[in-house]
Amino acid sequence: MIKLGISANKRYFVHEDTPFFYLADTVWSAFTNITLEEWAYYLDYRKQQGFNVLQMNLLRQWDASGSELKYEPFASDADGSYNFFEFNESYFDRAETMVQMAVDRGFVPALVLLWCNYIPDTWAAKLREEKKMPLEAVESYVRYAANRFSKYYPIYVISGDTDFPSERANQYYLTALRTVKQHSPQCLTTLHIQGRLAMLPDEFSGNPDLDFYMYQSGHNSQFQATAYTLAQEFYNKPATRPVINSEPCYEQMGYSRRVYGRFTRTDVRKAAWQSLLSGAAAGVTYGAHGIWSWHEKGRRFGVTGEGFDSPYDWRSALKFEGAWDYGFAKRLFELYGLADLRPWNIVLKNTEEIRAAATAGFGKMAVYVPVNTVLKLDADLGGYEFTLIDLEHRRFAVPQVTVRENITIIEMHEFEADVLLIGSKK
């Protein structure tokens, strides 16, 4: 069983004093939509790809796909709404079985406690008429969850997709954060926040109970630069913590706001590498459109809220090639020892799309180049040995490198896709 900790410099995760690259998949709808047989198949497939964290909503995901399964976390009142004070033991028994299956295969569960649709005043609450969780129910619910799951050393994701709209809403998250840390100080905590949001209220940003930052660059086609801009913002916050892009664009997700188009494997890979080299080097989260909502062909898929186009059947979505790209990224971090990457502003090009980073002491450096070009770097890197990696076909090459007047020049390569340049001091 994996028990995660934070590195001494508070920039990445460790397990038994070894760097741990956080590679998560989003399975928000796991506990309500997935049979145990499907779950076992899914876990085995993602395990071979290198995934080691699963982001799951402990309660029902508000925009999950339709399902024949009828699993609910709470008893119902006479009007059909949840009674948040009466837990459905069979639901949590089954959820615990699924967590045990995941942990047995080497996964760390990342359990969302309070998705924003359950909290008053949030953007999702305004779109849903369902009864909200009473504030006085939060502590008993969180204690119940912690009693159930803390023995598996999960990450507790306090909020889900929240925008911190009011003091009332913030009190829910503060209560949950305080309660889970009092009960389970051995478990890491974080907040999953709304897409493109860079701000944390003061009561969270300096809170010693919060262990790492999550942001999401999200699914709006107009704002994909937030993969790297938000990484920089969270990396530079006064309270140093590991940073994760917890929801980059999902593979084959339709653009949000009902805009026509879908994110490709290349888009998803680009978001990952731009995040990793811009301050969010502790890991990254993958998503496939059809896995997060656990969609079965022919079933209902709501367009409430973000308004995404229809998902693929989960069996097809599980096999999207981009998941292998993310596993490859994890392997490269481990192979080259890149756990401690920090942003390095050395790219001489009229674009922010090319991202560069280096480890402490500059023993290793990396540059992500999404489109082929002659690359000029504002540093004398003559003392480095370079490897060029074709990220689409996962091929390795030796680049042509020259140094002139303290400028390092990497000539155009022969690949047609995005590349990663790795430099190691000789």
If we keep just the residues of the stretch 1-32 that are open to solvent by less than 10 Å² (accessible area, probe 1.4 Å) and assigned to a strand (DSSP E or B), which is farthest from Asn117 (Cα to Cα)? Phe13
Tell me, which residue of the stretch 135-182 that is of a type outside the set (A, V, I, L, M), within 20 Å of Glu86 (Cα to Cα) and out of contact with any strand residue (DSSP E or B) (no Cβ under 9 Å at 6 or more places or on another chain) is surrounded by the most Cβ atoms within 10 Å (Cβ to Cβ)? Thr179
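Does Ala239 meet the test of being in contact (Cβ under 8 Å) with a residue 12 or more places away in the chain, aliphatic (A, V, I, L, M) and either in contact with a Cys (Cβ under 7 Å, 6 or more places away or on another chain) or surrounded by fewer than 22 Cβ atoms within 10 Å (Cβ to Cβ) (or both)? Reasoning before the result, please.
Details: in contact (Cβ under 8 Å) with a residue 12 or more places away in the chain: yes; aliphatic (A, V, I, L, M): yes; either in contact with a Cys (Cβ under 7 Å, 6 or more places away or on another chain) or surrounded by fewer than 22 Cβ atoms within 10 Å (Cβ to Cβ) (or both): yes.
Taking the combined requirement at face value, the residue satisfies it.
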Taking the stretch 306-347 and keeping only residues that are more than 27 Å from Ala379 (Cβ to Cβ) and open to solvent by 70 Å² or more (accessible area, probe 1.4 Å), one is left with Asp309, Tyr312, Arg315, Lys319, Glu321, Trp324
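Among Arg315, Arg342, Arg355, which is closer than 23 Å to His393 by Cβ and modelled with pLDDT of 95 or more? Break it down stepwise before answering.
Numbers: Arg315 fails: closer than 23 Å to His393 by Cβ; Arg342 fails: closer than 23 Å to His393 by Cβ.
Only one candidate passes the filter, namely Arg355.
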Across the stretch 168-203, what is the number of residues that are more than 19 Å from Ala145 (Cα to Cα) and either within 15 Å of the chain's Cα centre (by Cα) or free of Cβ contacts under 8 Å to residues at least 40 places away in the same chain (or both)? 12
Selected residue [over 23 Å from the mean Cα position of the chain (by Cα), hydrophobic (A, V, I, L, M, F, W, C) and modelled with pLDDT of 95 or more] from Leu381, Leu420: Leu381
I need a count of the residues in the stretch 378-394 that are under 9 Å from Gly423 (Cβ atoms) and assigned to a strand (DSSP E or B). 4
The stretch 265-282, residues that are farther than 21 Å from Tyr12 by Cα, touching a strand residue (DSSP E or B) at 6+ places or on another chain (Cβ under 7 Å) and without any contact (Cβ under 8 Å) to a residue 60 or more places away in the chain: Val268
Among the residues of the stretch 30-65 satisfying the criterion of being modelled with pLDDT under 95 and not polar (S, T, N, Q), which is farthest from Gly290 (Cα to Cα)? Trp62
Please enumerate the residues belonging to the stretch 190-199 that are closer than 18 Å to Gln55 by Cβ and either assigned to a loop (DSSP other than H, G, I, E, B) or not hydrophobic (A, V, I, L, M, F, W, C) (or both). Thr190, Leu191, His192, Gln194, Gly195, Leu197
I'd like to check something: does the stretch 259-276 contain any residue that is at pLDDT 95 or above, crowded, with 24+ Cβ neighbours inside 10 Å, of a type in the set (S, T, N, Q) and within 22 Å of Gly337 (Cα to Cα)? yes
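What are the residues in the stretch 40-79 that are part of a loop (DSSP other than H, G, I, E, B) and charged (D, E, K, R), if any? Walk me through how you get there before you give the answer.
So in the stretch 40-79, the residues part of a loop (DSSP other than H, G, I, E, B) come out as 50-52, 58-73, 77-79.
Residues satisfying the conditions are Arg60, Asp63, Glu68, Lys70, Glu72, Asp77, Asp79.
The values are calculated or read from the model by the stated rules, or taken from the named source; none is laboratory data. All values derive from a computational prediction rather than experimental measurement. No Cβ is skipped: glycine too gets one built from the backbone with ideal geometry, and neighbour counts run over all protein chains shown. In case anyone asks, the SASA skips ligands and DNA or RNA and just uses the protein heavy atoms, side chains included. Shrake-Rupley method; radii C 1.70, N 1.55, O 1.52, S 1.80 Å.
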